């Protein structure tokens, strides 16, 4: 076809072989835009052409020379097909060697002039240097200037797939760029000028085929800014939209609140008090609160949220506590009963498998759901704690004013509307998270939320002793755990997966070339219960177990029963998956043993560790890994040394990058924006640009193209 634009399907472009189309589709590349936005991950500098006489060992270099002769042979070792060419220029000659590429003989015929880029390697046999598996590119001797794609330039290296290399991608991208119609610029000109950003048509060419590394970085900055700018536009637009909604103001009587705090069975920390004050100030406003309460595991977020809910109830309004799991919902319910035993305005627990109500001290009973619904609709029940079972058409709130959501930050206006059938008011929203998130990440992802931090743990908490355990010391660790359990303590053992995998890719390879299976809950349970600790009570817990509050139909215990028995001290050791990451509070548990610790992110390991150290006894966390990698051990050492979760999160972000930190598949967030999150100045600039443009043009009426593109962009990005 004659005209190529961003929407052109690659299958319609002549010259792209069907096998390439199939390979590209595997990488979710189907249109010209998909291909052009498949950006290089790095660049190799082969821009300088060296003379053969100038080459030195271990150098990455490009030479230009004539093929003098070329031959092929099979090696006795591994039966590899080896191609060997002699290349010369006016200063000397050098060998070039390729493995398993017999077709090269048809291209690099004697007498042909070509560029060769690769590593200069020293032969063990004779000490001579040679080019190892170099990229090659024929040079047209009839042209004064020969434009190259693969050699004698800054060469882009792309994410690849089997059968489609960076060289293949460069072959595809170069002619498409040459035949591409002009791309429409979406970023307003004044922003481009202020931020010194490349125009889109220049940037797309420079990011793929830059003349210098600096040009490549400038092009990448433009696309990183673009994605961050659109992410911030989404955040700012959500803020402006919410600011137009009405909410019921909750009056805070200061003396009454002080009396309430003083009556608690413990003293609030300074950061708890500060966060509570920020929340109560928001609740007094006639527009909806939209706040994220962050704090380490065990820092007391639930108490702060519970006080806000109680004050809401004292104002005659209703509050909802929503948790992602039944275990966590039940824990919140128990916490509320413990700190406010005399609460008599109606407290309820509702999950898909359980419903109960409580009116004051000792007045608690399992209730039919229809009765609970009636109590809620009549306004007799003021605080309702539960799972997503709270969002249903049969449950109609009387005057829901505050929604507290735990570990699910993306609970927006639409979900709030589902809870409230009366559309006159939008409830206040308080999200809670024990996942420490670095500031740049918070600004980018949760930029529409105000942030409160609880950055200190309650007083008298003992520091958890954390050790990275060498595999040879495993039996010593088992002996230590046995000693602790004999003293009456309990232990968690965490494994990365439920069942052992038969797939090779689900194993790790150690330095001796041996495949070591990733630890699985079911296998570890069998080993620990029958061989290591047969005299102790060992139980298993994972996400595939049933959730009903009674024995499952096949006689196997449910998750709730296992956790209840563990909390009551009937189980000594619980072998589990990451299901214990949130919602488990057992003060007597003092051992956290994590198998395959290198398979988890630092923030997640920190969450696991937070499940212990909640009682009076000294707690211990053991990190097990079969890996001998220095990087792995440096990562694990970070958790031993980190003072708090936020410091650790910053380290995790630097070590693993935002893609692994968040999970790119879970966000839909563009890869280049993911990496740019680590640049606070760029995040700040993008945010300022978004605020400025929406302040002057809230509906983007003066920027229709920007408005349309933003709506498309928002569909791609999600933060569930």
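The values are calculated or read from the model by the stated rules, or taken from the named source; none is laboratory data. Because the structure is predicted, anything quoted here is derived from the model rather than measured. FYI the Cβ positions are ideal-geometry reconstructions off the backbone, even for glycines, and counts take in every protein chain you see.
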Segment 172-188, residues that are farther than 25 Å from residue 710 by Cα and either assigned to a loop (DSSP other than H, G, I, E, B) or out of contact with any helix residue (DSSP H, G or I) (no Cβ under 9 Å at 6 or more places or on another chain) (or both): 175, 178, 179
Count - residues of segment 615-636 that are in a loop (DSSP other than H, G, I, E, B), farther than 21 Å from residue 457 by Cα and in contact with a strand residue (DSSP E or B) (Cβ under 6 Å, 6 or more places away or on another chain): 1
Restricting segment 216-267 to residues that are within 25 Å of residue 681 (Cβ to Cβ) and either without any contact (Cβ under 8 Å) to a residue 24 or more places away in the chain or touching a strand residue (DSSP E or B) at 6+ places or on another chain (Cβ under 6 Å) (or both), the residue that is surrounded by the fewest Cβ atoms within 10 Å (Cβ to Cβ): 217
Residue in segment 584-591 that is buried (at least 20 other Cβ atoms within 10 Å of the Cβ), at positive phi and part of a loop (DSSP other than H, G, I, E, B) present: no
Residue that is at pLDDT below 85 and surrounded by 11 or more Cβ atoms within 10 Å (Cβ to Cβ), where the choices are 102, 110: 102
Hits in segment 592-629 (condition: at pLDDT below 90, crowded, with 23+ Cβ neighbours inside 10 Å and within 15 Å of residue 495 (Cβ to Cβ)): 597, 605, 608, 611
Odd one out for residue 308 among (1) surrounded by 21 or more Cβ atoms within 10 Å (Cβ to Cβ); (2) farther than 22 Å from residue 398 by Cβ; (3) touching a residue at least 60 places away in the same chain (Cβ under 8 Å): (2)
Check on residue 55, in contact with a strand residue (DSSP E or B) (Cβ under 9 Å, 6 or more places away or on another chain), surrounded by 14 or more Cβ atoms within 10 Å (Cβ to Cβ) and more than 27 Å from residue 206 (Cα to Cα): yes
Residues of segment 189-236 classified as closer than 19 Å to residue 705 by Cα and within 24 Å of the chain's Cα centre (by Cα), total: 14
Segment 7-23, subset touching a strand residue (DSSP E or B) at 6+ places or on another chain (Cβ under 7 Å) and surrounded by 14 or more Cβ atoms within 10 Å (Cβ to Cβ), residue nearest to residue 712 (Cα to Cα): 8
